[in-house]
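Report on the following structure.
The values are calculated or read from the model by the stated rules, or taken from the named source; none is laboratory data. Because the structure is a prediction, the values reported are computed rather than measured. Here the Cβ positions follow ideal geometry from the backbone for every residue, glycine too, while neighbour counts run over all protein chains shown. Each accessible area value is taken on the protein alone, full model and side chains, heavy atoms only, with ligands, DNA and RNA left out. Shrake-Rupley method; radii C 1.70, N 1.55, O 1.52, S 1.80 Å.
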Amino acid sequence: MTLLARHADNLFWIGRFVERAETQARLLEVGSRNSLIPNTSGGFRNEWESVLSASGANLGFVQKYGDDVRERNIESYLFFDEDNPSSVYNCIRSARENARIVRTALTSQTWDAINAAHQDIREMKRTERSKLSTNDLIDWTLRQAALIRGTIEDTQLRIDGYDFLNIGMYLERGDSTARLLDVKYFVLLPQVDYVGSGLDNYQWRTILRALSAHRAFNWAYGGEVTPPKIADFLILNRKAPRSLITCAEEANWHLDRLARSYGKTTDAQTQSRTIVAQLSEITVDDIFDEGLHEFLTRTISEIAALSNTIAQVYLIGEMR
């Protein structure tokens, strides 16, 4: 017996919303760390604009705040703003609403973790902002996301609902990694002389730290931090849990489980396998020849296209 499409849709979006909340927190961490560096290059160095650009939230922010791009406004917009559909607050609220609808498909531990996160963030929203530091907001979000994923992994039955939770999570995580890497594009130093400088290297290290990958990168590569090494680690290294190829392969694995469970391969599996094959064949040199920003933009579009196909095949009306 297969899940009703609407229930599969709820589970898929629980996975996506929990991961998206974490992405907003990690983007805030990138902006916060980079904003501490003095601007010695004389070029474009508004780290908060770079965070908005990578998040895709520019238009909504400008409509609300105009050109007043500063930390407090961006923090409010990405974390608490109810007018921003991707704010941490809205993501947690949406995850909880989807979980409420399919509560019988979730274990009590998974429901409790999602519901408790929702209660916490509602209380935080009512708290005076001066009492909430950016670091505290970031740490809270990362802990809650890890707790929810942990309950899913430890307590959910390995049936189709588990697959939809994970497909949503891995598609969102791949999109997240691409967007966080793309922050670096938006703060690239204007003169060639600064490439490879201390500031340039610090910005690359910030991306690693925001993805909780700094120590893992050192274990895997050691020595000097360079853009090609970081790109290889976060895009092509199968040992890296947040790399694009890891996310693509994990999503593909769960889609293949659905194909076996339902006895039918669909366009979703075909698209997913194509993305995995492309990432398996490409090299870091190929990526930089295309342009890192161009490659990441294309990858984000391919993830969105796969998500749309999954919706058409599995999540709208009766599964077909």
Right, Glu290: acidic (Asp, Glu) and either at pLDDT below 95 or open to solvent by less than 60 Å² (accessible area, probe 1.4 Å) (or both) or not? yes
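Only one residue in Gly223, Gly317 is farther than 23 Å from Gly15 by Cβ, modelled with pLDDT under 95 and in a loop (DSSP other than H, G, I, E, B), so which one is that? Before you say what the answer is, go through the steps one by one.
Details: Gly317 fails: farther than 23 Å from Gly15 by Cβ.
Residue meeting the stated conditions: Gly223.
Mind counting the residues in region 93-112 that are aliphatic (A, V, I, L, M), open to solvent by 10 Å² or more (accessible area, probe 1.4 Å) and out of contact with any Gly (no Cβ under 7 Å at 6 or more places or on another chain)? Spell out how you get there, then give the answer.
Filtering region 93-112 down to residues aliphatic (A, V, I, L, M) leaves 95, 99, 101-102, 105-106.
Pick out the ones that are also open to solvent by 10 Å² or more (accessible area, probe 1.4 Å) and you get 101, 105-106.
Next cut, out of contact with any Gly (no Cβ under 7 Å at 6 or more places or on another chain) only: 101, 106.
Result for region 93-112: 2.
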- prompt: In this structure, is Ser272 buried (at least 17 other Cβ atoms within 10 Å of the Cβ), within 27 Å of Ala8 (Cα to Cα), within 22 Å of the chain's Cα centre (by Cα) and of a type in the set (Ser, Thr, Tyr)?
  reply: yes
Across region 120-138, the tally of residues that are open to solvent by less than 30 Å² (accessible area, probe 1.4 Å) and in contact (Cβ under 8 Å) with a residue 60 or more places away in the chain stands at 3
By residue number, the members of region 139-172 that are under 18 Å from the mean Cα position of the chain (by Cα) and open to solvent by 40 Å² or more (accessible area, probe 1.4 Å) are Asp139, Arg143, Ala146, Leu147, Arg149
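Mind checking which residues of region 218-269 are among the polar types (S, T, N, Q) and either in contact with a strand residue (DSSP E or B) (Cβ under 8 Å, 6 or more places away or on another chain) or open to solvent by 50 Å² or more (accessible area, probe 1.4 Å) (or both)? Before you say what the answer is, go through the steps one by one.
Keep residues of region 218-269 that are among the polar types (S, T, N, Q), which gives 218, 226, 237, 243, 246, 252, 261, 265-266, 269.
Of everything in region 218-269, those that are among the polar types (S, T, N, Q) and either in contact with a strand residue (DSSP E or B) (Cβ under 8 Å, 6 or more places away or on another chain) or open to solvent by 50 Å² or more (accessible area, probe 1.4 Å) (or both) turn out to be Asn218, Ser261, Thr265.
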